[in-house]
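The values are calculated or read from the model by the stated rules, or taken from the named source; none is laboratory data. Bear in mind that the values here come from a model prediction, so they are computed numbers and not experimental data. Counting neighbours? That spans all protein chains shown, and the Cβs are built from the backbone with ideal geometry, glycine included.
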Ligand code: PNS
C-alpha cells in the first residue's frame with residue numbers, strides 16, 4: 001500500500017479520490033441493513049454479521065426500538081453489547097431504528113436488507129416480510145444468507161428461556177453476553 005510519511009493510502013482513500021475527480025463515474029457503495037430485535041445478540045447473529053461484513057461495503061446492524069412486553073435487555077443494553085462484539089469490524093455500525101424499516105433504509109441510503117434463514121420454518125415469515133417491504137419500497141432488495149449449520153437451531157428466544165431457567169449458554173452467545181445474562185438473572 002502506498003505510504004507518504006506516516007499516511008497510509010487505503011483502498012477507500014482511492015475510491016473517494018476517484019469519486020471527487022470523476023463525479024459521474026458509477027462506483028456503487030453497497031450499504032446493507034441487518035435489522036432485528038437482538039435480545040440478546042447470539043452467535044448465530046454474529047455469524048451472519050461476519051458473512052455480511054465480507055459482502056457489503058457498510059453493514060448497519062439496526063436494533064428495533066420495539067415495545068416488547070418483557071425484553072431481557074433494554075435497547076441501549078443490546079446496542080452496547082452489539083457494539084462490543086462487532087468492534088473488530090470497521091465497516092459494521094450498530095444503530096437503533098423505530099417505525100417502518102423501509103423508511104429507515106431510505107434515511108440511511110441502504111439498498112439492501114440482510115436477513116438470515118436458519119431453516120424452512122423461517123422461510124414463510126421472512127418471505128412475507130421481504131415481499132411486504134418490496135411492496136412498500138420496490139428499490140430495496142432483501143438478501144437472505146444462511147448462518148453456519150451449527151447455529152440452525154439457535155434463537156434469541158430460546159437463549160432467553162434457557163437464561164431464565166439457569167441453563168448453560170456457552171457456545172450460544174458471545175462470552176460477554178453470557179456474563180451480562182448471568183448478572184441479570186442471578
Ligand atoms: O429479530 P426479529 O424480531 O425477527 O426482527 C424483526 C424486524 C425488526 C426485522 C421486523 O419486525 C421489522 O422490520 N420491524 C419494523 C417495522 C416494519 O417495518 N414492519 C413491516 C415489516 S414487513
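Regarding the stretch 40-49, can at least one residue be identified that is modelled with pLDDT of 60 or more, out of contact with any helix residue (DSSP H, G or I) (no Cβ under 7 Å at 6 or more places or on another chain) and within 30 Å of residue 169 (Cα to Cα)? Before you say what the answer is, go through the steps one by one.
Keep residues of the stretch 40-49 that are modelled with pLDDT of 60 or more, which gives 40-49.
So of that shortlist, the ones also out of contact with any helix residue (DSSP H, G or I) (no Cβ under 7 Å at 6 or more places or on another chain) come out as 45, 48.
After this cut, where a residue has to be within 30 Å of residue 169 (Cα to Cα) as well, the list is 45, 48.
Yes, the stretch 40-49 contains at least one residue that is modelled with pLDDT of 60 or more, out of contact with any helix residue (DSSP H, G or I) (no Cβ under 7 Å at 6 or more places or on another chain) and within 30 Å of residue 169 (Cα to Cα).
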**Message:** Where the second residue is within 16 Å of the ligand (Cβ to nearest atom) and in a helix (DSSP H, G or I) and the first is free of Cβ contacts under 8 Å to residues at least 60 places away in the same chain and lies in the stretch 143-156, which pairs have Cβ atoms under 7 Å and are six or more apart or on separate chains?
**Reply:** 144/126
**Asked** For the stretch 126-148, how many residues meet the condition of being under 22 Å from residue 56 (Cα atoms) and surrounded by fewer than 13 Cβ atoms within 10 Å (Cβ to Cβ)?
**Response** 3
**Asked** How do the helices (runs of 4 or more DSSP H) wholly within the stretch 70-186 filter down when requiring 1 or more residues that are more than 13 Å from the ligand (Cβ to nearest atom) and either over 15 Å from residue 46 (Cβ atoms) or over 15 Å from the mean Cα position of the chain (by Cα) (or both): which remain?
**Response** 75-86, 120-136, 156-164, 175-185
**Request:** Those residues that are closer than 22 Å to residue 126 by Cβ and surrounded by 14 or more Cβ atoms within 10 Å (Cβ to Cβ), I need them from the stretch 153-172; list them, please.
**Result:** 154, 155, 156, 159, 160, 172
**Message:** Whether any residue in the stretch 16-32 is modelled with pLDDT of 95 or more, under 15 Å from residue 86 (Cβ atoms) and part of a strand (DSSP E or B) is what I want to check.
**Reply:** yes
**Asked** Within the set of pairs 6 or more residues apart or between chains, which connect a residue that is closer than 16 Å to residue 36 by Cβ inside the stretch 119-138 to a residue that is near the ligand (Cβ under 8 Å from one of its atoms) and part of a helix (DSSP H, G or I) with Cβ atoms less than 7 Å apart?
**Response** 133/101; 133/102
